[in-house]
């Protein structure tokens, strides 16, 4: 630990300054020369609440009051959205490019993989345009404000401005509002990290959710096994703490929503969910995690607790739906709404009018063990581990506790529609020692 880490506020200022300087140097070497224009250049804001699983959203039926601000947000709601990947590094580029990881290139080039031992993936291919690239070419000012360094590591260089501080949602939202107030044509990507371990648990909500004073509650215990005295009590306490951290992020969004102009297109989602000991034994059957961890955190599987995320879109002509949608649908939707010209082909579809999904949805690119993939089509979900040949399937109405061996014909055909000849990605992700320390705190490295 560096001396600065003993002083969190000073350390955050130092790290943010380092990220800004590094970002400027990288941006000097970039040249996105493509011409791009839009007919209706309204403000665009994308908010990502990292690690928020959909079944912990109170407006979608969760029993605890985790998201009152989002529940009252005047936006189209999609309770069956799917993440393109179960962790930040490949998922955020999919959100911002409209392409699955194998098509944007932000992937590992080895299998099995072990992010925990600093085996880093490639960055997305520089020739794959992201939403900030396109909107910048159309005259927008673009900014990423994030509490999660992994988001900045994968796509931060696509933005005009970045701010990376390991702080709670209230501070990150204040920074975002300050930036928005100085812009005529803004695109903002705001990523909040409160529900990501180590949790930011607001003191005021410890009572709201009856969070007990338990050692290790901000991070993880019982990662290797659920056997042992005290597991059930710890699981209950850890879940309550997770809910309280979600509520903290939700509270912070109120001032942002009040600040945004009525004509702004606003997208709120998560980049992936979070495992809370949902499928420990089934995970052991499908994946030999090099860390020996099962059923906690994220990045290691494609079960519903990691793939099923909430999505809200506030924009004219967008109606909510209970049909399956993908985060890769966000970019084509936004570009359609602002009247973009010369639109690319995307893996996702523009969400306007009634949602009728006839193509499969994909989640892929795990960070530990052998790569896993999931597809959804016609009320079914299939999981495949290509290197081992393991395959299971479910009805999408199930809790995924009782899988069927193998894939149905429908799911076989769904997988066959994807060509997994991965594009060449960019350079390997690089991080300095201080960022490695933070990634270790976040559970990515050991």
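The values are calculated or read from the model by the stated rules, or taken from the named source; none is laboratory data. None of the values given here were measured: they were computed from a predicted structure. Cβ sites come from the backbone with ideal geometry, for glycine too, and all protein chains shown count toward neighbours.
Name every residue in the range 315-329 that is closer than 21 Å to residue 55 by Cα, in contact with a strand residue (DSSP E or B) (Cβ under 7 Å, 6 or more places away or on another chain) and crowded, with 17+ Cβ neighbours inside 10 Å, in order of residue number.
Those that are closer than 21 Å to residue 55 by Cα, in contact with a strand residue (DSSP E or B) (Cβ under 7 Å, 6 or more places away or on another chain) and crowded, with 17+ Cβ neighbours inside 10 Å: 321, 324, 325, 326, 327.
Go through the range 247-270 and count every residue that is within 20 Å of the chain's Cα centre (by Cα) and modelled with pLDDT under 95.
Adding up the residues that qualify gives 0.
Give me a count of the residues in the range 159-189 that are within 18 Å of residue 249 (Cα to Cα), touching a strand residue (DSSP E or B) at 6+ places or on another chain (Cβ under 9 Å) and assigned to a helix (DSSP H, G or I).
5
Examine the range 138-153 for a residue that is modelled with pLDDT under 95, buried (at least 21 other Cβ atoms within 10 Å of the Cβ) and assigned to a strand (DSSP E or B), and state whether such a residue exists.
No, the range 138-153 has no match at all.
Go through (1) touching a strand residue (DSSP E or B) at 6+ places or on another chain (Cβ under 8 Å); (2) farther than 25 Å from residue 367 by Cβ; (3) not in a helix (DSSP H, G or I) and name the single condition residue 215 misses.
Just one mismatch for residue 215, condition (1).
Quick grid of which residues meet (1) under 22 Å from the mean Cα position of the chain (by Cα); (2) at pLDDT below 95:
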| residue | (1), (2) |
| --- | --- |
| 207 | no, no |
| 211 | no, no |
| 215 | no, yes |
| 227 | no, yes |
| 238 | yes, no |
| 241 | yes, no |
| 245 | yes, no |
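Across the range 283-308, what is the number of residues that are part of a strand (DSSP E or B), within 21 Å of residue 403 (Cα to Cα) and under 15 Å from the mean Cα position of the chain (by Cα)?
Filtering the range 283-308 down to residues part of a strand (DSSP E or B) leaves 296-297, 308.
Retained after the next criterion (residues that are within 21 Å of residue 403 (Cα to Cα)): 296, 308.
Applying the additional criterion that residues be under 15 Å from the mean Cα position of the chain (by Cα) yields 308.
Qualifying residue count, the range 283-308: 1.
Restricting to the range 331-378, what's the tally of residues that are within 13 Å of residue 135 (Cα to Cα) and free of Cβ contacts under 8 Å to residues at least 12 places away in the same chain?
The qualifying residues number 1.
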